[in-house]
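The values are calculated or read from the model by the stated rules, or taken from the named source; none is laboratory data. Remember, it's a predicted structure, so these values are computed and weren't measured experimentally. Note that each Cβ is placed from the backbone with ideal geometry, even for glycine, and that neighbours are counted across all protein chains shown. Areas reflect the complete protein model, heavy atoms only, side chains present, ligands, DNA and RNA absent. Shrake-Rupley method; radii C 1.70, N 1.55, O 1.52, S 1.80 Å.
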Amino acid sequence: GKREFGEDSCSDCPSGTFYKSEILRLPNNSLTWIPDRCVPCPKGRYASNNFVAIDKCLQCSPGSYQSEYGSSACKDCPKGSFQPDFGRDRCKPCSKGGYCDAAQKIDGGFTAC
């Protein structure tokens, strides 16, 4: 979790953020003295309240994606699309001339008509 300046207890970072353990404080720049320790997850990653994310968020699994910053979960690829890789911010469209039935496979489980 994090502890705000002047507080006696810690609190968890909100969903969709990770705790940044590294601090860089520059003597001549007061903006670096009290940086935000809870950082939004980048696209393709997520963090929920079910675990403590330290220094990074979890990657979305194959078959899912996340196109927004600061997300607490990934979205399943919609029908007609697939994503074989981890940590992606969009799904790939299924090839023309058939259909895809496996959103997590390299070719989406493409079957020609």
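Grab the Cα-Cα distance for residue 110 and residue 8, subtract it from 0.36 nm times how many residues apart they are, and report the gain in nm with one decimal.
Here the answer is 31.1 nm.
Give me, ordered by chain and number, the residues 5 or more places off residue 77 or on other chains with an amide H under 5 Å from its own placed amide H.
Those lying under 5 Å, H to H, from residue 77 are 64, 65.
When Lys and Arg each count +1 and Asp and Glu each count -1, what net charge do the other residues less than 13 Å away from residue 65, Cβ to Cβ, add up to?
Here the charged neighbours net out to +2.
How large is the charge dipole for the chain, taken about the Cα centre, if only the Cβ atoms of Lys, Arg (+1) and Asp, Glu (-1) carry charge, to the nearest 20 debye?
In debye, rounded to 20, the chain gives about 400.
Could you calculate the contour length gain from residue 31 to residue 55, that is, 0.36 nm times the residue separation minus the distance between their Cα atoms, to one decimal place in nm?
Here the answer is 6.6 nm.
Can you compute 3J(HN,Hα) from phi for each residue in the stretch 37-45, using the Karplus curve 6.51 cos²θ - 1.76 cosθ + 1.60 with θ = phi - 60°, rounded to whole Hz and x for Gly and Pro?
Values per residue, Gly and Pro as x: 7, 9, 10, x, 5, x, 4, x, 9 Hz.
Assuming 0.36 nm per residue, please report the length gained on full extension of the stretch residue 95 to residue 69 beyond their Cα-Cα distance.
6.5 nm
Put +1 on the Cβ of each Lys and Arg and -1 on the Cβ of each Asp and Glu in the stretch 55-113; which of 77, 93, 65 then has its Cα farthest toward the positive end of the dipole?
Selected residue: 93.
Under a 5 Å amide H to amide H cut-off, with H placed in plane at 1.01 Å, what residues pair with residue 92 once short-range neighbours are removed?
Under 5 Å from the amide H of residue 92: 82, 83.
Write down the radius of gyration of the chain and its Dmax, each obtained from C-alpha positions, in Å.
For the chain, the Cα radius of gyration and maximum Cα-Cα distance read 19.0, 66 Å.
In what order, largest first, do 92, 79 sit by accessible area if the probe radius is 1.4 Å?
The ranking, largest first, comes out as 79, 92.
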